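What follows is calculated from the coordinates using simple rules that are stated; it is not laboratory data. Nothing here was measured: the structure is a model prediction, and the numbers come from that model. A quick note on method: Cβ atoms are made from the backbone with ideal geometry, for glycine too, and the neighbour counts reach across all protein chains shown.
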């Protein structure tokens, strides 16, 4: 058999069928990461923990049951979500105080990332009980490593407010943060949110829309915010979405004399408001201060 024929053959590996004995767990709340799409991403430690827990607290028992059935787990499931958290939290705390280990999972990925689990963790710690993280899949991290954007400084901002005013205000707070910004977004709001991001952060910021991570139709759409607006503003998409935006480009330092010169040039062709906006975008200087200075220059006959 020649080398070319050998290279074309699929590589094989053997994975023996194993049955694991669930380890005895010490009393604690185990925060267990589960797959974000591909069930093959579950870890052995996560399975052992879920098998050994007294109960699994989960957002939606129907979703988590698909995982437990796939791996033959018999641990009882109990719903814990934003609508019943106040009622269920004391029951879970009672179990922990009796010495029973409790596992906490979300519908997908790492619990406490944009879900109500953090309140349970806080209550457990305030009661003097132990919290044990069992790490694994995470949609923000999966999107980040596949995005090609800077990963040395990252800010996870979760979901933006749904209404335009609060959404714009939140984006304005984040505009100058020197980090890659990571957001969750729903399919039906993607186009409007990308438009708001482009307006608040600048259309030339590099950005990525990551969809259906770890699943069959996983995609990464890369470009500028303006380009992604054109791509998604009128298109209906499906699936779980992560939006990532690269850090702002560092602006050159501009002194007062340079700012005045830029304002004079802008005022030759633009009204005061547009001139201030143009110079603010080009320099990163405060728009309100530039507007006031432009008024002064205009009054002086510039």
Once both label points are put 7 Å beyond Cα along the C-beta direction, the residue 21-residue 150 separation in nm becomes 5.3 nm
With -39,500 (n - 2.57) per DSSP H segment of 4 or more residues and division by the full residue count of the chain, the 222 nm estimate, nearest 500 deg cm²/dmol, is -12500 deg cm²/dmol
Counting only backbone N atoms under 20 Å from a point 7 Å out along Cα-to-Cβ of residue 97, the residues of region 118-159 in range are 119-132
Rounded to one decimal in nm, the spacing of the 7 Å Cα→Cβ label points at residue 212 and residue 61 is 3.2 nm
Nearest-0.05 FRET efficiency for residue 119 and residue 8 at R0 = 45 Å, using Cβ-Cβ distance, is 0.25
Helix 190-201 sits off the longest principal axis of the Cα atoms of the chain, rounded to the nearest 10 on a 0 to 90 degree scale, by 50 degrees
If R0 = 41 Å, then residue 70 and residue 175, at their Cβ-Cβ distance, give a FRET efficiency to the nearest 0.05 of 0.40
To the nearest 10 degrees, the tilt of helix 256-267 (Cα long axis) against the first principal axis of the alpha carbons of the chain is 80 degrees
Given [x] 27, 26, 16; [y] 49, 27, 16; [z] 40, 32, 17 as possible values of semi-axes √(5λ) of the Cα gyration tensor in Å, the one from the coordinates is [y]
If 11, 293 are placed from fewest to most neighbouring beta carbons inside 10 Å, the sequence is 11, 293
Distance in nm between residue 83 and residue 299 label points, each 7 Å along Cα→Cβ, equals 6.0 nm
Taking 49, 214, 153 and counting other beta carbon atoms within 10 angstrom, the fewest-first order is 153, 214, 49
Against the 2.2 N^0.38 Å rule of thumb, the C-alpha Rg of region 194-292 sits at a ratio of 1.42
Quick calc, residue 222 & residue 286: beta-carbon distance into FRET formula, R0 22 Å, rounding 0.05, result 0.10
